[in-house]
1. Which members of the range 848-869 meet the condition of being surrounded by 21 or more Cβ atoms within 10 Å (Cβ to Cβ), within 30 Å of L814 (Cα to Cα) and of a type outside the set (A, V, I, L, M, F, W, C)?
2. Could you tell me which residue of the range 406-423 is surrounded by the fewest Cβ atoms within 10 Å (Cβ to Cβ), considering only residues that are in contact (Cβ under 8 Å) with a residue 60 or more places away in the chain and under 15 Å from A460 (Cβ atoms)?
3. Does the range 715-730 contain at least one residue that is touching a Pro at 6+ places or on another chain (Cβ under 7 Å) and without any contact (Cβ under 8 Å) to a residue 12 or more places away in the chain?
4. Would you say A275 is surrounded by 20 or more Cβ atoms within 10 Å (Cβ to Cβ), at pLDDT 90 or above and either more than 21 Å from D210 (Cβ to Cβ) or hydrophobic (A, V, I, L, M, F, W, C) (or both)?
5. Whether any residue in the range 190-197 is surrounded by 18 or more Cβ atoms within 10 Å (Cβ to Cβ), under 25 Å from the mean Cα position of the chain (by Cα) and modelled with pLDDT of 95 or more is what I want to check.
6. Could you please let me know if R884 is surrounded by 24 or more Cβ atoms within 10 Å (Cβ to Cβ), touching an Asp or Glu at 6+ places or on another chain (Cβ under 6 Å) and at pLDDT 95 or above?
7. Can you go through A896, A879, A915 and tell me which one is modelled with pLDDT under 95 and assigned by TED's automatic domain parsing to the domain that holds H832?
8. Can you name the strands (runs of 3 or more DSSP E) wholly within the range 137-250 that have at least 2 residues being of a type outside the set (D, E, K, R), touching a Gly at 6+ places or on another chain (Cβ under 6 Å) and assigned by TED's automatic domain parsing to the domain that holds T84?
Amino acid sequence: MRHLLAVAALAGSFLVATPATAAVAGGHDEDRDSYVATRPGRDRFPLVAAGRAAPLVVSAGDHAGVIRVVDDLQADIAAVTGVTPAVGHDRVPAGRDPVLVGTIGKSPLIDRLVAAGKLDVRGIAGRWETTVEQIVDNPLPGVRRAFVIAGSDQRGSIYGAYDLSKRLGVSPWRFFDDVPVRHRDAVYLLPGRHTQGTPAVKYRGFFINDENPATGTWAPRYFGPGKAPGYPGGLNAAYYAKVFETMLRLKANYLWPAVWGRAFAEDDPLNHATASFYGVVMGTSHEAPMMRGIEEWNRHPAGTGEWSFRRNPDAIKAYWRDGAERMAREKIEGVITLGMRGNGDVSLPDGDGIDLMSSIIDTQRQILRETGLIGAPQVQTLYKEVQRYWDKGYRPPDDVTVVFCDDNWGNLRRLPDASLPPRGGGYGMYYHFDYVGGGRNYKWVDTVNLTNTWEQLNLAYRSGVERLWMVNVGDLKNEEQPTQFFLDYAWKPFPLGGLGEWERGYAAQNFGAALAGDIADVLSDYGHLQSRRKPELLNRRITVDPATRAITYDDQASPFSLTDYREIERVTAQWQALAARAERIKARVPAAWQDAYFQLVWYQVKATANLYALRLAEFTNIRYAGQGRAATNRLADLAEARFAEDQALNAYYNTALAGGKWKDWQLQPKIGYGNVARYGPNAPWQQPEKDNVALPDEIYPYLRRIEVPAAAELGVDLDGGDPVTLPAFSPYQAQPRQFIEVFNKGATPFAYRITPAVPWVRVTPSAGSVDQQVRATVRVDWRRAPKGTTTVPITVTGAGASQVVQAPIDNPVLRPRGFVEANGYVAMEADHYTGKVGDWRLLPGIGKTGNGMTPLGGAGARLEYATTLTTTGPVKVTAVLSPRNNVHPTDGLKYAISLDDQPPQTVNVTQATGADDTTMNKQWERNTSDNVNRTTTTHTVTSAGVHTLKFWMVDPTVIVQRLEIDTGGVRYSYLGPPESRRVAR
């Protein structure tokens, strides 16, 4: 134990020193919901006052983890106040009012208070991980008052101590993101009985997975032999001590350790002992049964070494037995994974028969009986193909927790069947914030939409999934906000209306109350924009043939349209505006908090905005090269400048941030994906072999440069990309103006003129000089435009040439109501309904272009949208839904849609698109990459005028984001056409 205490002290030595005088901007003196204050008051307990700190007292007979956490509490109080409290074991310094920390039934100090009736532990004792904090008068002979932190068990006491630290202003992310503390001269604790309650989910934790190249490069250097003499390289006990501390500060209790080339038990023999010392529950991933990571098998293959239960059963049984015996021998508190997957996170080579899986689990259970571990918690994780066993009727023993999984992209695949009897082992969930696999790895920065996560967590919890929650967080660092959200919700679920308050609380925890609102807003908008599409997918377009459902991948095409609806320009502008907001906040962040702001806010916003600017320049360059524009090479220069800025941001992260603490952390590639010629057949989804080095050819697809002739030559490009005809003009169109771009194919400037054939079509600027290109705006004066449909020629002249383009003008004779057709479509955001029947929940920001709506029930539940259509005949209606899977044991996920009083058409979402949620096929890959499921029905419009589109509830888990009526004019775009104009009357 002495050596383990040295491990903790060593890990603590890696904390970044923070001046005690540092002060974060703003901040409330006292939180209304806190028991911590900075001013004295009646019956308040002085934790630190007048330069003196109350001593911290813990029993030497308590759990090792509780004794250890008191040392952390001591360090936290010292960091906040500059005063270091004394720490005692069992004995209270004479004449001092102490803080008593201990576990009911384990601490003689606490038990004495309970026995004397001075500490009421009703509702606390015997519960799981529950704490009470309160001031007790005359607790012990000679002691006037004490502040007591009493836990129902070891982690209850630990969480109580860390809760006090957090309320003092110590962020859980102090180590991993260098968050300083706000200095307080004095701290007082309020009277009353305080508790954080009992966690809603029993086992709550995260999986450090896909940890290369970031953690795998940084941690061995930071915690390796050079920094921690006597410790091996790799992910050793010094590294995991920091992970365990952060977990417990976040009120997590359960860890799946890193697996890629890692063996937790072997990389450092102290790893398991350190977990026990901290009080953390250990587990292993879905591919690593019986408390043994698959890397242990890879390093020490027994017998033939083949990972096959059919062909090599004796060796595998012996391997599993060794894991069970180690768990029993070292008294590891763990959750044991049952079942078996193929080596390398793939399906079993032996087939997927139920008899095989039943035999595997029966064998594992027998080993647990023989080693005395049959009473330990056990899980079977239904990951990917393993879910088939459940769907085909296999049921593990009743005491085994069945863990349902998402589809690796944040969409649950199964939930408990309400018709089944309750399971003794209950149900769990495995979720993802980070993933390696198709349609592409996403590992670089946080891409989580918290509304989406809330909806899925809420659905899981309300469906009875409450025994175990595990989330894949990649490196942990870079996923701080969603990780804390996941764990906070697992501790105490809260309604959707509390999400904004949670976001502001997270920002205040790390940056103070004065900046909290602005930072929370930036992070909220960041999550919405980022969830549209993973940054790694910005150079891949995925399309589907509506007739054959054939999926086509193009890794050299932008998913955002370069020509229609000005989509890529609009999206990039949104990112630039967000980066500008983050930059303005950065100027207000105190110097001591700049490193934390860089890591938790600024880098991910700024670097993603820069990546969008790079992609805009890159794909525009490629398009310009095809047109022979003189501006082609300038766009290549701009793309390379954006690449250089990306590299500069990485270099700052890897060399200067926090005094060089994060050396070589930011190595994750995100730009070179898809280059098969360079990186091989897995390049479409797997990350490039190397990080982006400072070479332009890492920008993929490659930039293009052309030879520009000296002589001027006229070129004309139109809004919408058609070479001859502009998009139709309408007084009701969402974009009230189009453009004509006059460009030069040579190096010599020339004069141009744009002349409409009628005076009520206006162009600005209509004349001037073109060096490389000029964009002119075309407007219609609707007061003078004739009714009906007109086509107006517009002549462009310059460089001795001329070109005539056409401007269709559609000025309908109608009295519109609702959303009005223009440009051949009507598009409506889901929450902009004109009528509603039944109970529906609005999900803010869950959609790619806005909010979402999900039905909660009610007879005839539906949303109604008034539209004015000028087109008659067949029209196509596309429902844009969140890419949910069918979580219930039915034949699919359904909604219905109708126009006016026509019979509703029922659509089975998973069958209609072929996205069978048990196979994770290419249609599923398209849906998750695009983050929507699009299904289309055909309806007949019998007459022009006002019509009502109705979206009907069939299944309650459907989330509709928007509806689009294509009357013949919808062009390809990633987000869909802009929302149509809406007329009240």
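The values are calculated or read from the model by the stated rules, or taken from the named source; none is laboratory data. Values in this document were obtained by computation on a predicted structure and should not be read as measured data. Cβ atoms come from the backbone with ideal geometry, glycine included; neighbour counts cover every protein chain shown.
1. R862, Y865, T867, T868
2. Among those that are in contact (Cβ under 8 Å) with a residue 60 or more places away in the chain and under 15 Å from A460 (Cβ atoms), it is D417.
3. Scanning the range 715-730, I find no residue that is touching a Pro at 6+ places or on another chain (Cβ under 7 Å) and without any contact (Cβ under 8 Å) to a residue 12 or more places away in the chain, so the answer is no.
4. Judged against the criteria, A275 is a match.
5. No, the range 190-197 has no match at all.
6. Judged against the criteria, R884 is not a match.
7. A915
8. So the answer is 145-151.
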